[in-house]
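Structure first, commentary second.
The values are calculated or read from the model by the stated rules, or taken from the named source; none is laboratory data. Since the model is a prediction, treat every value here as computed from it, not as a measurement. All Cβ positions, glycine included, derive from the backbone under ideal geometry; neighbour counts span all protein chains shown.
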Amino acid sequence: MVRYGLVIDLKRCTGCFGCVIACKAEHQTPPKVFWAKVLRSESGKYPVVNRQPLPVLCMHCKEPACKDVCPTGATKQREDGIVVVDNKLCVGCRYCVVACPYGARYFVEKWKDYFTGKDQPSSKYAEYAKKKWLAENDRGVVTKCNFCSERLEKDLKPACVEACPAEARTFGDLDDPESEASRLIKKRRGFRLKEELGTDPCVYYLPSR
Amino acid sequence: MSPPNSKEKVVKTSCGMCYGTCTIRARTCDDIVVGIEGEPDSPQGYGNVCAKGISSIMQLYDPNRLDYPLLRTNPEKGLDVDPEFKRISWAEALDIMEEKLRDCLNRDRRGLYCCSTPTFPSERAYNIICFQRAFGTPNYYVAGGGLHCGNGPHMVAGMYHASWSVIPDYKYCNLAIYWGCSKGHGAGHAALVAMKQAADARERGMRLIVFDPFQSAQASAAEEWVPIKVGTDAAVALSMTNLLLNEYKIFDSQYLKTKTNAPYLVGTDGLYARDEKTDLPLVWDPIEKIAIPFNDKNLKDAALFGDHEAHGDKCKTSLEILRNHIKKYTPEYASKISDVPANTIRRVAKEFGEEARIGSTIMIDGHELPYRPAASIYFRGAGGHYNQAWQCVSLILLNHIIGCGDMPGGALAFGPPVHLGYPGTGRLGFNVEPDRDGLLVAKSWPYAHLPYPPKDPHDPPERLDLQDMFYVPTYTTIMMWENNEELWTKFKIPYRPDVMLNFASNQIMSIGNPHEVLDHFLKKFRFIISFNIFASEFEEAVADLVLPDTSFLERYTVSTTFPTVGVSCHSTGLGDWIWAIRQPAVEPKPERRAMVDVILEMSERLGLRERYYEALNEWINRAYGGYLKPENKWNTKEPLKFEKIMDTILRDKFGDDKGLEFFKQYGYLKWPKRVEEVYWRAFSDVRVPVYLEWIIKAGRKSRAIAEKYGVPDLVDWSFHSALPDYHPCPSYTTQTSENSEHDLLAFYWRSALHTYSMTMENPWLNEISENDPYTYTIQLNPDTAKRKGVKSGDVVWLENTKGHKTQGRVYLTEGIKPDHVGIAACAGHWAKGQPIAKGKGVFFNELIEVDKEHTCPLSLGQDICVAVKLYKSEGS
């Protein structure tokens, strides 16, 4: 069985936010909603300083904490490992938002226009965006990265992977030891964030140094 | 993904969110652009696309865009003045435009000033440069980008590489040293292409050492960040050259002998010793023990060092003079200037020299070439200073000491200056050539003047910026100096600013202190016409007629990737060439018109058709490697139409089957680069100077003109010498003077999220900028903050010695040199026409003085590092 996962090479990533905007354009997430983010870390003291951009998204954990707390069964895990929210079942209780250790989930009360902050679309494109958002996510529900499952159905890579200018992202089957993703994790000693929590995340990082 | 049953279309075009011009697929759904994706097979982006590119949808559909022409009704102009714009029709707008331009033609055609943005080089060529030449005015400049980076960095790269800039040969380079540049990190030259190439290089193991006062994106990805006092790079580079030549004895003798003027003999007058018969520069043949022309077929060897006699004069080789000249740049001396530890300078110089592997070769496609996998790379950070010309020479010279100029692994001309022709037709070919003295001359250099040889100066100058009496500057800011009227009078310039034609540049924000730019320059114009997609600070402050332009997703342009010089996009190294067009993905709203169409219509109305066609011929010759074939010559009886112009150029270069229809369908055409094009220097008999003898002579000519018209101190003429030096910025004196309140050095850096000042209005880019700790803040070292009594999040003022000040929120980071202040991009907008951008970020350029004191005396580029005092804003 396929187990989808993502490998992010921190040696290639420059923190350009390409992934963030690719995700936004693909899913039409409204203002303040980021299914993909880039965090910044800084350590050390001048002049020995290490600044590191860290792209994050839903980790599509094998043991998702968000799924366990969902009272309606809206958060589900597909057979291929992708954690999804069924917006017809979601009641917007936001337990999952609290439970997710990665801050990957966003409750969206209603769609808002980027230019006006209001519910009315300000352009033809905003009308398209609103329609698409409501069709796929509705209002008053929790939303998150779905690994672009709609693109996967068409044999396309997730939008963030497709766009990444530094080609720092490799999407693939973690259960297949021959996949490029598995090979990179092995070769470059891939690590995961907050592994100690036992959620068994499926997003791996390759060290920058 | 689009909803079911929608009408989908994909248009292949070129991105216009920066000058990287990646090939993109604009995906439309029911005639709305709903997605921007990379074109997988294009070498221009490799199928990737960046945050700015994808966000262009939000620019296209910004409800704040201009939808119809506007006429200013308030005669008062100023930063806080309501222009009281009135909607007018295009018919009225064109009538007014024609009347104003015709009046200018009748008064003095030179009174027209054409200005443009650096973001759209191709559009600029057809709607500004050709029109400017057709109209007959010499006055033209590119705001912001041109003045802040165009002079020192571009012209020096032109002298040494016949190119707009230099980029490491990412495929083979093992050690790159960056001096204040962001190459390969999502901004600037070949933004996206270089980003993948740089990531590949890092993964392969290329080491990067970054000298920068700020730990930028590129510095944080580097093996080593070396904090340096802003603008002192020349001192460190000259010290490295001193170590390589005088102490470590690591230099490429063969390269220096054959690819530079190192062996040329220089007499006691500082000029070349020349052969009496041929007037060619002499070199010393140590075998025959004679002085002989550098290119004489009987030359057996050329001495690189030493004192030698020629015509009874005691001469030295050029390299001998350089080597002696830079002995004063000991690592200890350079350290005192730059704050870089002397042992770091020693170590980096040694690593750089050793990594060059002098003497080694590599086989590439059957050619055995020198293998020099080390490169010294600079750009705007090193450039934006009082000493920018000599600073750039100092940095680029490192490459020519180790012999890595355009050699595998080394510093490559960005957008190679050699193209041997499109294989299908043999057209579009150009090559570098030597002048009589054997020095490198660029063949394809359509912007400004050739970097070398120096053009003859105008006596008296004709341009309002006096650029034409100099020989290095691309543009100058002299037309904005407080004493401009006095200078124009003394130089007997008979006309004054009359009409301005502006294309998408925001001159209020992108040059320097807006009050001074406004009072000293922009207010002098009778009438200002501006094409833009928004009403920016420029339109609101000074424009009389505002014309709503199309977005890059709504218009055509003929080539976004050629010429290779001045269009900042082609990849370096082996790979593919590409010619790409820009074409509409959607129709513009009815009252938005592409500027080029308006300009062509105006050329017709003003009776300039034939002159426009002439200008077009010259552009095609200089930019695309030769004039049109006779059978494609313009029929001047035909009115100017851009689609016809595009089709003619395309068919002329690529054949009758590859006209505009072909390019509309495919978007671009690519073909493989040849080794002789990429590593052209190994195949070309051209040299570059280690001793810039010609600057002495050219400087004397300019100085003579200045003296003739009673302005002997126009600039500091001592800069017009033949040897690089470190010269301090005026800000250092202020910063270090006793009890100085202005004790911090402020500089700005380029954010990968923004292109100049135009992208803050984009709500997606704005939102991530607001979330990012650096983009909209003032970066300060915690130790400095403690000393100043401020903490992260405090709102502070930065004020220069003239009392000009700007405000912003402090972000503390250990990644900045103490006593320095870093600011990203050109933010801090206040125009009503850009409400998303309004009030976001910091307006650094408020602090820049536009005057002689802050102008490089050689390149006339702007010094944009500023000594500031920092204090808390009341009630912050």
Just for helices (runs of 4 or more DSSP H) wholly inside region B:82-162: which have at least 1 residues that are of a type in the set (A, V, I, L, M), without any contact (Cβ under 8 Å) to a residue 40 or more places away in the chain and in the same structural domain as B:His458 (by TED's automatic domain parsing)? B:90-108
Name the residue, out of A:Cys23, A:Cys16, A:Cys61, that is farther than 30 Å from B:Asn762 by Cβ and either at pLDDT 95 or above or touching a strand residue (DSSP E or B) at 6+ places or on another chain (Cβ under 9 Å) (or both). A:Cys61
Complete set of residues in region B:623-644 that are under 21 Å from B:Gly424 (Cα atoms) and touching a Phe, Trp or Tyr at 6+ places or on another chain (Cβ under 8 Å): B:Ala623, B:Tyr624, B:Gly625, B:Gly626, B:Leu628
Subset of region B:586-611 (residues that are free of Cβ contacts under 8 Å to residues at least 12 places away in the same chain and either of a type in the set (S, T, N, Q) or farther than 14 Å from B:Pro548 by Cα (or both)): B:Gly607
Only one of (1) free of Cβ contacts under 8 Å to residues at least 24 places away in the same chain; (2) crowded, with 24+ Cβ neighbours inside 10 Å; (3) not hydrophobic (A, V, I, L, M, F, W, C) fails for B:Arg204. Which number is that? (2)
Taking into account only those residues within region B:743-766 that are farther than 16 Å from B:Asn845 by Cα and of a type in the set (D, E, K, R), which is surrounded by the most Cβ atoms within 10 Å (Cβ to Cβ)? B:Glu761
B:Glu853 meets each of (1) more than 14 Å from chain A (Cβ to nearest Cβ); (2) in a loop (DSSP other than H, G, I, E, B); (3) not hydroxyl-bearing (Ser, Thr, Tyr) with one exception, condition (2)
Residues of region B:184-237 classified as of a type in the set (S, T, N, Q) and at the interface with another protein chain (Cβ under 8 Å from one of its Cβ atoms), total: 3
Have a look at B:Glu92, B:Glu76, B:Glu84, B:Glu39 and point out the one that is farther than 20 Å from B:Thr755 by Cα, modelled with pLDDT of 95 or more and within 33 Å of the chain's Cα centre (by Cα). B:Glu39
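Yes/no per residue for (1) touching a residue at least 60 places away in the same chain (Cβ under 8 Å); (2) of a type outside the set (A, V, I, L, M, F, W, C):
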residue: B:Lys257; (1), (2): no, yes
residue: B:Asn261; (1), (2): yes, yes
residue: B:Leu265; (1), (2): no, no
residue: B:Asn295; (1), (2): yes, yes
residue: B:Lys300; (1), (2): no, yes
residue: B:Glu309; (1), (2): no, yes
residue: B:Asn343; (1), (2): no, yes
Can you confirm whether A:Lys118 is within 14 Å of another protein chain (Cβ to nearest Cβ) and of a type in the set (D, E, K, R)? yes
Members of region A:124-146 that are facing chain B (nearest Cβ under 10 Å) and buried (at least 19 other Cβ atoms within 10 Å of the Cβ): A:Tyr125, A:Ala126, A:Tyr128, A:Ala129, A:Lys132
Can B:Ser559 be described as surrounded by 24 or more Cβ atoms within 10 Å (Cβ to Cβ) and either modelled with pLDDT under 95 or in a loop (DSSP other than H, G, I, E, B) (or both)? yes
Kindly check whether there is at least one residue in region A:12-25 that is more than 8 Å from chain B (Cβ to nearest Cβ), touching a helix residue (DSSP H, G or I) at 6+ places or on another chain (Cβ under 6 Å) and either charged (D, E, K, R) or touching a residue at least 24 places away in the same chain (Cβ under 8 Å) (or both). yes
Of the residues that make up region B:37-48, is at least one assigned to a loop (DSSP other than H, G, I, E, B), in contact (Cβ under 8 Å) with a residue 40 or more places away in the chain and on the phi > 0 side of the Ramachandran plot? yes
Condition set of a type in the set (Lys, Arg) and not in a helix (DSSP H, G or I), scope region B:356-407, selection farthest from B:Tyr170 (Cα to Cα): answer is B:Arg357
Listing of helices (runs of 4 or more DSSP H) fully contained in region B:712-799 that carry 3 or more residues being within 14 Å of chain A (Cβ to nearest Cβ) and more than 30 Å from B:Ile696 (Cα to Cα): B:763-771, B:782-788
Of the residues in region B:531-551, those that are outside any loop (DSSP other than H, G, I, E, B) and touching a helix residue (DSSP H, G or I) at 6+ places or on another chain (Cβ under 7 Å) come to B:Phe531, B:Asn532, B:Glu537, B:Phe538, B:Ala541, B:Val542, B:Leu545, B:Val546, B:Leu547
Identify, please: which residue in region A:26-49 is within 7 Å of chain B (Cβ to nearest Cβ) and in a strand (DSSP E or B) and is, among those, surrounded by the fewest Cβ atoms within 10 Å (Cβ to Cβ)? A:Lys45
Out of the residues in region B:52-74 that are at the interface with another protein chain (Cβ under 10 Å from one of its Cβ atoms) and touching a Leu at 6+ places or on another chain (Cβ under 6 Å), which is surrounded by the fewest Cβ atoms within 10 Å (Cβ to Cβ)? B:Leu60
B:Gly47 - would you say it is surrounded by fewer than 24 Cβ atoms within 10 Å (Cβ to Cβ) and at the interface with another protein chain (Cβ under 7 Å from one of its Cβ atoms)? no
Of the conditions (1) of a type in the set (A, V, I, L, M); (2) within 14 Å of chain A (Cβ to nearest Cβ); (3) within 22 Å of A:Leu39 (Cα to Cα); (4) over 28 Å from the mean Cα position of the chain (by Cα), B:Ile816 satisfies every one except a single condition; which number is it? (4)
Extreme residue, surrounded by the most Cβ atoms within 10 Å (Cβ to Cβ), among residues of region B:365-386 that are under 31 Å from the mean Cα position of the chain (by Cα) and over 22 Å from B:Ala219 (Cβ atoms): B:Arg372
Quick one: is A:Gly103 farther than 17 Å from A:Val141 by Cβ, within 14 Å of another protein chain (Cβ to nearest Cβ), surrounded by fewer than 21 Cβ atoms within 10 Å (Cβ to Cβ) and over 16 Å from the mean Cα position of the chain (by Cα)? no
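For (1) over 30 Å from B:Glu676 (Cα atoms); (2) surrounded by fewer than 22 Cβ atoms within 10 Å (Cβ to Cβ); (3) touching a Gly at 6+ places or on another chain (Cβ under 8 Å); (4) not acidic (Asp, Glu), each residue gets a yes or a no:
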site: B:Leu574; (1), (2), (3), (4): no, yes, no, yes
site: B:Pro584; (1), (2), (3), (4): yes, yes, no, yes
site: B:Arg592; (1), (2), (3), (4): yes, yes, no, yes
site: B:Val596; (1), (2), (3), (4): yes, no, no, yes
site: B:Leu600; (1), (2), (3), (4): yes, no, no, yes
site: B:Leu606; (1), (2), (3), (4): yes, yes, no, yes
site: B:Tyr612; (1), (2), (3), (4): yes, no, no, yes
Have a look at B:Ala704, B:Ala698 and point out the one that is buried (at least 17 other Cβ atoms within 10 Å of the Cβ), small (Gly, Ala, Ser) and not in a loop (DSSP other than H, G, I, E, B). B:Ala698
